[in-house]
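Have a look at the structure below before the remarks.
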Amino acid sequence: MAATAFADVLASAREPGTSRFSATNIANALGLQFQDLAALAGVHRNTLRTHPESPRLQVALRDLMRVLSAAAAVQPDTERAFFMVKNEPIPAFRHKTLLQLVQDGRTDDAIDYLESISSGFAG
């Protein structure tokens, strides 16, 4: 069920008629303001509307979707996974959220963290 739910999210994140992500659809799905998504991507907020094909924007959206995919593996409830990514402070990362890690360019660290909690403690 979790894979199906995330597959639906992934499909809805696509810009219709293209092979790129829709900043608008992703912002709406996550409940993010355009200026917050633009800040995450390091682009001007108008870029989301006027140049959705921007390579910098598309890389940031891909990274965000990678983290959401990893979060969905940990938390099958999509709404709870989105909440976790946006709001849950992580002590190991100085109480930053996964979304803040993506903004800081630490997508792989965020995914590594999610994979470590998904597999359980092995120390």
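We did not get these values from a lab; they are worked out from the coordinates using the rules stated. Keep in mind that what you see is a predicted model, and the values were worked out from it rather than measured. No Cβ is skipped: glycine too gets one built from the backbone with ideal geometry, and neighbour counts run over all protein chains shown.
Listing Ser116, Ser19 from fewest to most neighbouring C-beta atoms within 10 Å gives Ser19, Ser116.
In this structure, the amide hydrogen of Arg14, modeled 1.01 Å from its nitrogen in the peptide plane, lies closer than 5 angstrom to those of Ser22, counting only residues at least 5 positions away or on a different chain. When peptides 30-37, 59-66 are ranked by their average number of other Cβ atoms within 10 Å per residue, the highest-first order is 59-66, 30-37. Pairwise Cα separations in the stretch 75-123 fall into 5 Å bins from 0 onward with the following percentages, short to long: 5, 21, 29, 28, 13, 3, 0. Note: relative contact order over the stretch 2-119, using C-alpha pairs below 8 Å and six or more positions apart, is 22 percent.
Stokes-Einstein diffusion of the stretch 1-113 at 10 °C, 1.306 mPa s viscosity, Kirkwood radius from Cα pairs, rounded to a whole number: 113 µm²/s. The packing ranking of peptides 48-58, 75-85, highest mean first, is 75-85, 48-58, where packing means the average number of other beta carbon atoms within 10 angstrom of each residue.
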